[in-house]
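Single-structure report; data block below.
The values are calculated or read from the model by the stated rules, or taken from the named source; none is laboratory data. As the structure is a prediction and not an experimental result, all values here were calculated from the model. We place every Cβ from the backbone using ideal geometry, glycine too, and count neighbours over all the protein chains shown. What goes into the accessible areas is simple: the full protein's heavy atoms, side chains included, and nothing from ligands, DNA or RNA. Shrake-Rupley method; radii C 1.70, N 1.55, O 1.52, S 1.80 Å.
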Amino acid sequence: MRGRREFRTARRVTFRGAAALLCAGVLFGCTAAGPDAAAPTRTAKPTPSPTPTSLWDVSPASVAAVGDSVTRAFDACAVLADCPEVSWATGTDTAVNSLALRLLGPEKVATRSWNLARTGARMAELPEQMAGAAAEKPELVTVMMGANDACRPTPELMTPVADFRFSFETALARLRAGAPKAQVYVSSVPDLRHLWSTGRVSPAGLRVWKLGICGSMLADAEDLGPAAERRRTRVRERVVAYNEVLKEVCAGDERCRYDGGAVFGFRFDGGQLSPWDWFHPSRDGQARLAELAYRRITKE
(Lines give C-alpha, C1' and ligand atoms only; values in the text may rest on other atoms or scores of the structure.)
Protein backbone atom coordinates (compact mmCIF):
# COMPACT_ATOMS: atom_id res chain seq x y z
CA MET A 1 0.00 0.00 0.00
CA ARG A 2 2.77 2.37 0.85
CA GLY A 3 4.47 1.76 -2.46
CA ARG A 4 1.29 2.47 -4.37
CA ARG A 5 0.77 5.81 -2.53
CA GLU A 6 4.32 6.89 -3.28
CA PHE A 7 3.81 5.99 -6.97
CA ARG A 8 0.56 8.00 -7.17
CA THR A 9 2.21 10.98 -5.45
CA ALA A 10 5.15 10.90 -7.80
CA ARG A 11 2.82 10.64 -10.79
CA ARG A 12 0.85 13.75 -9.69
CA VAL A 13 4.08 15.71 -9.21
CA THR A 14 5.32 14.63 -12.63
CA PHE A 15 2.01 15.65 -14.27
CA ARG A 16 2.04 19.08 -12.66
CA GLY A 17 5.65 19.67 -13.73
CA ALA A 18 4.82 18.72 -17.30
CA ALA A 19 1.84 21.05 -17.24
CA ALA A 20 4.05 23.91 -16.04
CA LEU A 21 6.55 23.26 -18.83
CA LEU A 22 3.75 23.17 -21.38
CA CYS A 23 2.39 26.51 -20.16
CA ALA A 24 5.82 28.06 -20.54
CA GLY A 25 5.95 27.06 -24.19
CA VAL A 26 2.59 28.37 -25.44
CA LEU A 27 1.68 31.94 -26.54
CA PHE A 28 -1.24 32.56 -24.16
CA GLY A 29 -0.71 32.58 -20.37
CA CYS A 30 -1.96 29.87 -18.03
CA THR A 31 -1.23 28.53 -14.52
CA ALA A 32 0.13 25.23 -13.32
CA ALA A 33 -2.92 24.60 -11.14
CA GLY A 34 -3.75 21.38 -12.95
CA PRO A 35 -5.45 19.99 -16.01
CA ASP A 36 -8.89 21.21 -14.97
CA ALA A 37 -7.90 24.89 -14.53
CA ALA A 38 -9.48 27.26 -17.08
CA ALA A 39 -6.98 29.25 -19.17
CA PRO A 40 -7.56 33.03 -19.03
CA THR A 41 -8.63 34.64 -22.31
CA ARG A 42 -6.73 37.47 -24.01
CA THR A 43 -8.64 40.53 -25.20
CA ALA A 44 -7.42 41.74 -28.58
CA LYS A 45 -6.42 45.41 -28.71
CA PRO A 46 -8.68 47.49 -31.01
CA THR A 47 -7.09 48.68 -34.23
CA PRO A 48 -7.28 52.48 -34.45
CA SER A 49 -9.29 53.82 -37.38
CA PRO A 50 -7.21 55.66 -39.99
CA THR A 51 -7.60 59.45 -40.08
CA PRO A 52 -9.40 60.53 -43.29
CA THR A 53 -7.07 62.23 -45.74
CA SER A 54 -8.37 65.53 -47.14
CA LEU A 55 -8.17 65.95 -50.89
CA TRP A 56 -7.99 69.72 -50.50
CA ASP A 57 -4.61 71.38 -51.03
CA VAL A 58 -4.36 74.74 -49.25
CA SER A 59 -1.51 75.91 -51.48
CA PRO A 60 -2.41 75.27 -55.13
CA ALA A 61 0.28 76.22 -57.62
CA SER A 62 -1.91 77.59 -60.43
CA VAL A 63 -5.22 79.46 -60.66
CA ALA A 64 -7.83 79.84 -63.39
CA ALA A 65 -10.72 82.27 -62.84
CA VAL A 66 -14.13 82.06 -64.51
CA GLY A 67 -17.12 84.31 -64.04
CA ASP A 68 -18.49 87.71 -64.97
CA SER A 69 -17.69 91.42 -64.72
CA VAL A 70 -16.70 91.27 -61.04
CA THR A 71 -13.81 88.90 -61.82
CA ARG A 72 -12.86 91.16 -64.75
CA ALA A 73 -12.87 94.14 -62.31
CA PHE A 74 -15.23 96.10 -64.55
CA ASP A 75 -15.47 99.80 -63.64
CA ALA A 76 -12.79 99.43 -60.98
CA CYS A 77 -10.18 101.60 -62.76
CA ALA A 78 -12.07 103.52 -65.44
CA VAL A 79 -15.65 103.98 -66.57
CA LEU A 80 -17.16 101.19 -68.69
CA ALA A 81 -13.91 99.23 -68.90
CA ASP A 82 -12.47 95.98 -67.60
CA CYS A 83 -9.43 96.30 -65.36
CA PRO A 84 -8.16 92.71 -64.86
CA GLU A 85 -4.95 93.88 -63.20
CA VAL A 86 -7.00 94.65 -60.08
CA SER A 87 -9.15 91.51 -60.23
CA TRP A 88 -9.68 89.84 -56.86
CA ALA A 89 -8.83 86.48 -58.46
CA THR A 90 -5.82 86.96 -60.74
CA GLY A 91 -4.83 90.62 -60.58
CA THR A 92 -1.26 91.88 -60.31
CA ASP A 93 -1.95 95.08 -58.36
CA THR A 94 -0.21 94.75 -55.00
CA ALA A 95 -2.73 97.05 -53.33
CA VAL A 96 -5.48 94.57 -54.10
CA ASN A 97 -3.25 91.57 -53.30
CA SER A 98 -5.29 89.16 -55.38
CA LEU A 99 -5.80 85.50 -54.62
CA ALA A 100 -3.23 84.55 -57.26
CA LEU A 101 -0.67 86.96 -55.80
CA ARG A 102 -1.16 85.47 -52.34
CA LEU A 103 -0.96 81.87 -53.50
CA LEU A 104 1.65 82.06 -56.25
CA GLY A 105 3.75 85.16 -55.57
CA PRO A 106 4.39 87.96 -58.10
CA GLU A 107 6.89 85.90 -60.10
CA LYS A 108 4.36 83.27 -61.18
CA VAL A 109 1.12 85.21 -61.58
CA ALA A 110 1.69 85.94 -65.27
CA THR A 111 2.46 82.34 -66.21
CA ARG A 112 0.43 80.33 -63.70
CA SER A 113 -2.91 82.17 -63.61
CA TRP A 114 -5.60 82.74 -66.23
CA ASN A 115 -8.62 85.08 -66.17
CA LEU A 116 -11.29 83.57 -68.42
CA ALA A 117 -14.25 85.55 -67.07
CA ARG A 118 -16.34 87.77 -69.34
CA THR A 119 -18.21 90.93 -68.46
CA GLY A 120 -21.93 90.35 -68.86
CA ALA A 121 -21.73 86.56 -68.65
CA ARG A 122 -24.55 84.53 -67.15
CA MET A 123 -24.52 81.00 -65.77
CA ALA A 124 -25.42 79.50 -69.16
CA GLU A 125 -21.93 80.54 -70.34
CA LEU A 126 -20.09 78.86 -67.48
CA PRO A 127 -19.74 75.41 -69.14
CA GLU A 128 -17.80 77.00 -72.01
CA GLN A 129 -15.59 78.96 -69.62
CA MET A 130 -14.96 75.83 -67.55
CA ALA A 131 -13.90 73.92 -70.65
CA GLY A 132 -11.38 76.67 -71.35
CA ALA A 133 -10.15 76.52 -67.77
CA ALA A 134 -9.78 72.74 -67.93
CA ALA A 135 -7.52 73.10 -70.96
CA GLU A 136 -4.98 74.96 -68.81
CA LYS A 137 -4.90 72.10 -66.25
CA PRO A 138 -5.05 74.47 -63.26
CA GLU A 139 -4.79 73.25 -59.68
CA LEU A 140 -7.52 75.70 -58.61
CA VAL A 141 -10.49 77.21 -60.44
CA THR A 142 -12.41 80.13 -58.94
CA VAL A 143 -16.07 80.64 -59.84
CA MET A 144 -18.01 83.87 -59.32
CA MET A 145 -21.14 83.78 -61.45
CA GLY A 146 -24.84 84.47 -61.05
CA ALA A 147 -25.35 88.19 -60.47
CA ASN A 148 -26.26 88.76 -64.12
CA ASP A 149 -28.84 85.96 -63.94
CA ALA A 150 -30.72 88.04 -61.38
CA CYS A 151 -29.78 91.46 -62.79
CA ARG A 152 -32.16 91.51 -65.74
CA PRO A 153 -34.33 94.39 -67.00
CA THR A 154 -37.29 92.92 -65.09
CA PRO A 155 -37.69 90.10 -62.54
CA GLU A 156 -39.63 88.06 -65.11
CA LEU A 157 -36.45 87.74 -67.18
CA MET A 158 -34.33 86.30 -64.37
CA THR A 159 -32.82 82.87 -65.08
CA PRO A 160 -35.06 80.08 -63.71
CA VAL A 161 -33.48 78.24 -60.80
CA ALA A 162 -33.68 74.87 -62.61
CA ASP A 163 -31.80 76.29 -65.62
CA PHE A 164 -29.23 77.84 -63.30
CA ARG A 165 -28.67 74.45 -61.64
CA PHE A 166 -28.38 72.61 -64.94
CA SER A 167 -25.75 75.03 -66.26
CA PHE A 168 -23.69 74.86 -63.07
CA GLU A 169 -23.78 71.06 -62.97
CA THR A 170 -22.81 70.95 -66.64
CA ALA A 171 -19.93 73.36 -66.00
CA LEU A 172 -18.48 71.19 -63.23
CA ALA A 173 -18.81 68.12 -65.46
CA ARG A 174 -16.88 69.93 -68.21
CA LEU A 175 -14.12 70.75 -65.77
CA ARG A 176 -13.94 67.20 -64.46
CA ALA A 177 -13.71 65.83 -68.00
CA GLY A 178 -10.57 67.84 -68.70
CA ALA A 179 -9.07 68.46 -65.26
CA PRO A 180 -10.42 65.80 -62.87
CA LYS A 181 -8.20 66.80 -59.94
CA ALA A 182 -8.65 70.57 -60.15
CA GLN A 183 -9.97 72.19 -56.98
CA VAL A 184 -12.92 74.58 -57.25
CA TYR A 185 -13.69 77.60 -55.10
CA VAL A 186 -17.26 78.82 -55.57
CA SER A 187 -18.21 82.32 -54.47
CA SER A 188 -21.77 83.10 -53.45
CA VAL A 189 -23.72 85.67 -55.46
CA PRO A 190 -23.59 89.12 -53.80
CA ASP A 191 -26.64 90.47 -52.01
CA LEU A 192 -28.04 92.81 -54.67
CA ARG A 193 -30.55 94.32 -52.28
CA HIS A 194 -27.72 95.44 -49.99
CA LEU A 195 -26.03 97.10 -52.97
CA TRP A 196 -29.29 98.95 -53.65
CA SER A 197 -29.60 100.09 -50.04
CA THR A 198 -26.02 101.37 -50.08
CA GLY A 199 -26.09 103.16 -53.42
CA ARG A 200 -29.54 104.70 -53.24
CA VAL A 201 -28.32 107.35 -50.78
CA SER A 202 -25.77 108.57 -53.33
CA PRO A 203 -26.91 111.17 -55.90
CA ALA A 204 -24.24 109.83 -58.27
CA GLY A 205 -25.48 106.28 -57.82
CA LEU A 206 -29.07 107.28 -58.52
CA ARG A 207 -28.06 109.12 -61.70
CA VAL A 208 -26.11 106.23 -63.19
CA TRP A 209 -28.71 103.63 -62.22
CA LYS A 210 -31.25 105.48 -64.33
CA LEU A 211 -29.21 104.41 -67.36
CA GLY A 212 -30.55 100.89 -66.87
CA ILE A 213 -28.04 98.94 -64.78
CA CYS A 214 -29.61 95.90 -63.05
CA GLY A 215 -33.16 97.09 -63.64
CA SER A 216 -34.78 94.21 -61.75
CA MET A 217 -33.27 95.54 -58.52
CA LEU A 218 -32.17 99.12 -59.14
CA ALA A 219 -34.96 100.57 -61.29
CA ASP A 220 -36.89 103.35 -59.51
CA ALA A 221 -34.35 103.18 -56.72
CA GLU A 222 -36.05 105.92 -54.71
CA ASP A 223 -39.43 104.23 -54.79
CA LEU A 224 -40.13 102.69 -51.37
CA GLY A 225 -43.73 101.74 -52.16
CA PRO A 226 -45.07 98.22 -51.67
CA ALA A 227 -44.86 97.20 -55.33
CA ALA A 228 -41.20 98.24 -55.59
CA GLU A 229 -40.39 96.51 -52.31
CA ARG A 230 -42.05 93.29 -53.50
CA ARG A 231 -40.00 93.45 -56.70
CA ARG A 232 -36.74 93.83 -54.79
CA THR A 233 -37.68 91.06 -52.40
CA ARG A 234 -38.39 88.78 -55.33
CA VAL A 235 -34.96 89.45 -56.79
CA ARG A 236 -33.25 88.87 -53.45
CA GLU A 237 -35.10 85.58 -52.99
CA ARG A 238 -33.88 84.47 -56.41
CA VAL A 239 -30.30 85.26 -55.43
CA VAL A 240 -30.76 83.23 -52.24
CA ALA A 241 -32.07 80.33 -54.36
CA TYR A 242 -29.06 80.60 -56.68
CA ASN A 243 -26.71 80.44 -53.70
CA GLU A 244 -28.47 77.34 -52.41
CA VAL A 245 -27.85 75.69 -55.79
CA LEU A 246 -24.18 76.63 -55.68
CA LYS A 247 -23.90 75.20 -52.17
CA GLU A 248 -25.70 71.94 -52.95
CA VAL A 249 -23.94 71.18 -56.23
CA CYS A 250 -20.53 72.05 -54.81
CA ALA A 251 -21.16 69.77 -51.82
CA GLY A 252 -21.51 66.84 -54.21
CA ASP A 253 -17.95 67.32 -55.51
CA GLU A 254 -15.18 66.30 -53.09
CA ARG A 255 -12.77 68.84 -54.58
CA CYS A 256 -15.14 71.82 -54.39
CA ARG A 257 -15.47 74.47 -51.66
CA TYR A 258 -18.36 76.92 -51.43
CA ASP A 259 -17.63 80.17 -49.61
CA GLY A 260 -20.39 79.52 -47.09
CA GLY A 261 -22.24 82.67 -48.14
CA ALA A 262 -19.31 84.96 -47.32
CA VAL A 263 -19.67 87.21 -50.39
CA PHE A 264 -23.46 87.32 -50.06
CA GLY A 265 -23.08 88.38 -46.45
CA PHE A 266 -20.34 90.95 -47.00
CA ARG A 267 -21.57 94.49 -46.40
CA PHE A 268 -19.96 96.56 -49.17
CA ASP A 269 -19.87 100.24 -48.24
CA GLY A 270 -19.56 103.26 -50.51
CA GLY A 271 -15.77 103.13 -50.60
CA GLN A 272 -15.85 99.51 -51.77
CA LEU A 273 -18.12 100.24 -54.74
CA SER A 274 -17.13 101.73 -58.08
CA PRO A 275 -17.47 105.54 -58.14
CA TRP A 276 -18.71 105.23 -61.73
CA ASP A 277 -21.63 102.86 -61.24
CA TRP A 278 -22.07 102.30 -57.49
CA PHE A 279 -22.58 98.63 -58.20
CA HIS A 280 -19.34 96.84 -59.12
CA PRO A 281 -16.53 96.55 -56.56
CA SER A 282 -13.88 99.25 -56.49
CA ARG A 283 -10.20 98.43 -55.93
CA ASP A 284 -10.88 98.24 -52.24
CA GLY A 285 -13.92 96.04 -52.84
CA GLN A 286 -11.80 93.73 -54.99
CA ALA A 287 -9.27 93.49 -52.16
CA ARG A 288 -12.04 92.42 -49.77
CA LEU A 289 -13.15 89.69 -52.18
CA ALA A 290 -9.56 88.45 -52.44
CA GLU A 291 -9.30 88.24 -48.66
CA LEU A 292 -12.56 86.29 -48.34
CA ALA A 293 -11.45 83.80 -50.98
CA TYR A 294 -7.97 83.35 -49.52
CA ARG A 295 -9.33 82.60 -46.05
CA ARG A 296 -11.65 79.91 -47.36
CA ILE A 297 -9.17 78.30 -49.72
CA THR A 298 -6.32 78.10 -47.21
CA LYS A 299 -8.44 76.84 -44.31
CA GLU A 300 -7.13 73.45 -43.15
Next item on the list: State whether one or more residues within region 160-183 are part of a loop (DSSP other than H, G, I, E, B), in contact with a helix residue (DSSP H, G or I) (Cβ under 9 Å, 6 or more places away or on another chain), crowded, with 18+ Cβ neighbours inside 10 Å and touching a residue at least 60 places away in the same chain (Cβ under 8 Å).
Entry: yes
Next item on the list: Could you tell me which residue of region 56-90 is modelled with the lowest pLDDT, considering only residues that are on the phi > 0 side of the Ramachandran plot and in a loop (DSSP other than H, G, I, E, B)?
Entry: Leu80
Check: Restricted to region 110-125, and to residues that are within 21 Å of Asp68 (Cβ to Cβ) and among the aliphatic types (A, V, I, L, M), which residue is surrounded by the most Cβ atoms within 10 Å (Cβ to Cβ)?
Finding: Ala117
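Suppose we filter region 236-264 for residues that are open to solvent by 50 Å² or more (accessible area, probe 1.4 Å) and in contact with a helix residue (DSSP H, G or I) (Cβ under 9 Å, 6 or more places away or on another chain); how many remain?
We begin by selecting, within region 236-264, every residue open to solvent by 50 Å² or more (accessible area, probe 1.4 Å); these are 236-238, 240, 244, 247-248, 251-252, 254, 260.
Now drop any that are not in contact with a helix residue (DSSP H, G or I) (Cβ under 9 Å, 6 or more places away or on another chain), which leaves 236, 238, 240, 244, 248, 252, 260.
Residues meeting the conditions: 7.
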Check: Looking at region 91-107, which of its residues are assigned to a loop (DSSP other than H, G, I, E, B) and free of Cβ contacts under 8 Å to residues at least 40 places away in the same chain?
Finding: Thr92, Thr94, Gly105, Pro106, Glu107
Check: Picking from Gln272, Gln286, which residue would you name as being at pLDDT 95 or above, surrounded by fewer than 19 Cβ atoms within 10 Å (Cβ to Cβ), among the polar types (S, T, N, Q) and within 27 Å of Ala219 (Cα to Cα)?
Finding: Gln272
Margin query: Can you tell me which condition Met130 does not meet? The list is (1) free of Cβ contacts under 8 Å to residues at least 60 places away in the same chain; (2) part of a helix (DSSP H, G or I); (3) of a type outside the set (Lys, Arg), and all the others hold.
Written below: (1)
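Can you name the residue in region 108-123 that is farther than 12 Å from Ala61 by Cα and outside any loop (DSSP other than H, G, I, E, B) and is also modelled with the lowest pLDDT among such residues?
Taking region 108-123 first, the residues farther than 12 Å from Ala61 by Cα are 110, 114-123.
Next, only the ones that are outside any loop (DSSP other than H, G, I, E, B) stay: 110, 114-115, 123.
Working: Ala110: 92, Trp114: 98, Asn115: 98, Met123: 98.
The selected residue is Ala110.
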Next item on the list: From (1) in contact (Cβ under 8 Å) with a residue 40 or more places away in the chain; (2) within 21 Å of Asp82 (Cβ to Cβ); (3) surrounded by fewer than 17 Cβ atoms within 10 Å (Cβ to Cβ), pick out the condition that doesn't hold for Ala135.
Entry: (2)
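Of everything in region 147-159 that's in contact (Cβ under 8 Å) with a residue 12 or more places away in the chain and open to solvent by 60 Å² or more (accessible area, probe 1.4 Å), which residue is nearest to the chain's Cα centre (by Cα)?
Applying the first criterion (in contact (Cβ under 8 Å) with a residue 12 or more places away in the chain) to region 147-159 yields 147-155, 157-159.
Subset that is open to solvent by 60 Å² or more (accessible area, probe 1.4 Å): 153, 157.
Working: Pro153: 30, Leu157: 29 Å.
So the residue we want is Leu157.
With the condition kept exactly as written, say whether any residue in region 249-260 is basic (Lys, Arg) and assigned to a helix (DSSP H, G or I).
No: zero hits.
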Next item on the list: Show the residue pairs that are 6+ apart or on different chains and have beta-carbon atoms under 8 Å apart, the first residue being within region 207-233 and more than 20 Å from Thr159 (Cα to Cα) and open to solvent by 60 Å² or more (accessible area, probe 1.4 Å), the second being in a helix (DSSP H, G or I) and modelled with pLDDT under 95.
Entry: Glu222/Leu206
